[in-house]
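So the structure is just underneath, and the comments pick up after that.
The values are calculated or read from the model by the stated rules, or taken from the named source; none is laboratory data. None of these values were measured; they are calculated from a predicted model. A quick note on method: Cβ atoms are made from the backbone with ideal geometry, for glycine too, and the neighbour counts reach across all protein chains shown.
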Amino acid sequence: MAQARGSATMAMATLLLLLGLQFEIGFAANYTVGDDGGWSFGVSGWTTGKSFKVGDILEFNYNPEQHNVIVVDEKGYETCTAGGDAKTFNSGNDQIEITGKTFFICGFPTHCDSRDMKLAISV
């Protein structure tokens, strides 16, 4: 009888573990870039201590008269330049889904290069 209870307990624990893993995989997290400060100068260190997954949503909050968000490739991130396939967002409240390693810059002059307004997301 004790062995049957032990097997049932083990089966239940396994089921709960599998459900927990499914829950973790199935639901994306939402992140506000820069937290309360929003998408602003010096935001590149914001990712420290965070763990991102494909499907997570990044929300960029900013004044569209002062900033924008451009999704660039790694070279664009390093050089603070937007190539021909870069996508620009300028609503001031942009929600962008992470699809893999992703790079963002502000396209306003000097914001990316001299004021550290860029972000690299690794999954």
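Descriptive notes on the structure:
- Against the list (1) modelled with pLDDT of 95 or more; (2) out of contact with any Gly (no Cβ under 8 Å at 6 or more places or on another chain); (3) farther than 13 Å from residue 121 by Cβ, the condition residue 27 fails is (1).
- Long-range neighbours under 7 Å by Cβ, at least six apart or interchain, first residue under 19 Å from residue 110 (Cα atoms) within the range 67-96, second of a type in the set (Asp, Glu) and in a strand (DSSP E or B): 69/94
- Note on the range 94-108: residues that are in a strand (DSSP E or B) and of a type in the set (D, E, K, R) amount to 2.
- When residues of the range 65-77 are limited to those that are in contact with a strand residue (DSSP E or B) (Cβ under 9 Å, 6 or more places away or on another chain) and assigned to a loop (DSSP other than H, G, I, E, B), the one nearest to residue 37 (Cα to Cα): 67
- Top-ranked residue in the range 54-67 [being surrounded by 14 or more Cβ atoms within 10 Å (Cβ to Cβ) and hydrophobic (A, V, I, L, M, F, W, C); ranked as nearest to residue 114 (Cα to Cα)]: 60
- Residue among 114, 91, 51, 40 that alone is surrounded by 13 or more Cβ atoms within 10 Å (Cβ to Cβ), out of contact with any strand residue (DSSP E or B) (no Cβ under 6 Å at 6 or more places or on another chain), among the hydroxyl-bearing types (Ser, Thr, Tyr) and not in a helix (DSSP H, G or I): 40
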